[in-house]
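To start, the structure under review is shown below, and the notes come after it.
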Amino acid sequence: MNPIDLVDILRNHTVYIQTHNFPDPDAIASAFGIQQFLNCHGVEAALCYDGKIDRLSSKKMLDTFGIVMHSKDELPDMTEEDLIVLVDSQKNNSNVTDLIGDEVACIDHHPIFFPYEYSYQDIQPVGACSSIIASYYQQTDTPISPACAAALAYGIKMDTADFCRGTTALDTEMFSFLFGRADWELVTNMYSNTMEFDDLRAYGAAIQNIQIFGGTGFAYIPFHCANALIAIISDFILSLDVVHIAIIYAKQTNGLRFSIRCEQNRMHAGNLVANVLKPWGSGGGHPSMAGGIIPSEHISLLGEDMHTTLQDAFLKSISEMEKEAV
Ligand SMILES: [Mn+2]
């Protein structure tokens with residue numbers, strides 16, 4: 001689709017750009033990038049999300065690149081007539097709240113689990129949603145600000161783990177397109193002081209109770225911590241030489257939150273977690289990175305020893321999926 005079609009759909013409406021809940025750098029950069037793009041074409045839009053900006057790196061992004069995002073609670077005025085552009089997420093996914101406005105557009109790079117008729121849909125299996133947004137500037141010769149180019153470049157770096165995760169040609173092409181246009185100091189600034197003191201507690205818990213069964217590493221964090229931090233610890237556990245699939249879960253106030261990582265071409269992490277959590281909760285995601293949740297009220301269904309129940313369910317599903325792949 002032509003990105004200018006999106007501009008035409010949104011013109012003369014109140015427009016919101018919504019990311020998934022607890023937005024990560026790629027989601028924030030994508031939202032900012034499409035906001036600036038629409039702005040260049042005469043459409044004003046506000047950025048919104050549900051959940052929290054609960055990581056230092058996400059908070060720091062807003063300051064560094066000059067991004068303003070509103071949490072759901074700050075948007076009492078949204079009406080059914082307002083239009084929503086979903087970025088880095090899709091309607092009906094468990095990680096995005098259904099707000100009152102009308103989701104007319106979706107720009108994303110996740111697999112489709114729940115097909116939905118958007119007026120404008122651009123879902124491509126690339127490494128970062130930021131790459132899709134950057135391509136809009138290139139395709140339409142829209143001028144891009146140095147801060148916006150820097151944010152999108154940072155989004156691509158983060159979501160592709162520096163081009164080592166799910167990377168496609170579009171990601172590298174768009175990175176080189178952005179490179180000469182970005183204020184690179186803003187990107188390097190994002191790499192200093194990235195860890196919070198409290199993060200160490202979560203790392204400590206994961207290190208202390210990690211269990212490894214034939215290349216699958218399980219670790220439990222028995223206290224609430226930021227969703228993005230669980231994902232970072234999942235990456236950290238996957239970096240162990242003896243772990244090829246990392247399954248990290250933490251006890252959050254609303255349930256058990258999962259983050260799954262698979263080394264490339266090993267297994268489809270999104271299908272694995274969707275499969276395993278189905279009886280108790282929900283999950284989904286990319287081939288190499290995925291997440292899920294078991295709501296608090298269902299945790300008792302896991303029985304007395306929830307760790308063994310979960311380990312058995314994951315290991316069984318992994319061996320079944322491995323058999324199918326042969
Ligand atoms: Mn993303």
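What follows is calculated from the coordinates using simple rules that are stated; it is not laboratory data. Remember, it's a predicted structure, so these values are computed and weren't measured experimentally. With ideal geometry, Cβ positions are generated from the backbone for all residues, glycine too; neighbour counts draw on all protein chains shown.
Things to note:
- Candidates 255, 291, 127: whichever shows maximal mean-square fluctuation once the chain is modelled as a Gaussian network with Cα springs under 10 Å: 255
- The range 129-273: antiparallel DSSP beta bridges as a percent of all, rounded to 5: 65 percent
- Tilt relative to the chain, helix 129-140 - C-alpha long axis, 0 to 90 degrees, to 10: 20 degrees
- The angle between the Cα long axis of helix 25-40 and the longest principal axis of the Cα atoms of the chain comes to about 10 degrees, rounded to the nearest 10.
- Between the helical axis of 56-65 and the longest alpha-carbon principal axis of the chain there is an angle of about 10 degrees.
- Of 278/316; 251/323; 91/323; 52/251, pairs whose Cα-Cα distance is over 24 Å: 251/323; 91/323
- Rotationally averaged projected area of the range 1-155 (alpha carbon convex hull; nm²): 8.2 nm²
- Looking at the chain alone, DSSP beta bridges between its own residues are antiparallel in about 45 percent of cases.
- Where chymotrypsin sites (Phe, Trp or Tyr not before Pro) fall in DSSP loop in the range 196-294, at most 13 other Cβ within 10 Å: 197, 223
- Residues with amide H under 5 Å from that of residue 127, placed H, sequence gap 5 or more: 168, 171
- A Cα-only calculation for the chain places Rg and Dmax at 19.6, 60 Å.
- For the chain, size of Cβ-based charge dipole, Lys and Arg +1, Asp and Glu -1, in debye: 840 debye
- The range 226-316: GluC sites (Glu not before Pro) in DSSP coil with no more than 10 other Cβ atoms inside 10 Å: 304
- Estimated 222 nm signal from helices in the chain, with DSSP H stretches of n ≥ 4 weighted -39500 (n - 2.57), rounded to 500: -12000 deg cm²/dmol
- Pairwise centroid distance, computed over Cα atoms, of the range 155-228 with the range 254-316, Å: 20 Å
- Centre separation in Å (Cα based) which lies between the range 7-81 and the range 83-139: 13 Å
- When the chain is treated as a Gaussian network with alpha carbon springs shorter than 10 Å, the biggest mean-square fluctuation among 125, 76, 115 belongs to 76.
- Set the Cα radius of gyration of the range 75-157 against 2.2 N^0.38 Å, with N its number of residues, and you get 1.19.
- Rg over Rh [alpha-carbon atoms, Kirkwood Rh] for the range 210-326: 0.93
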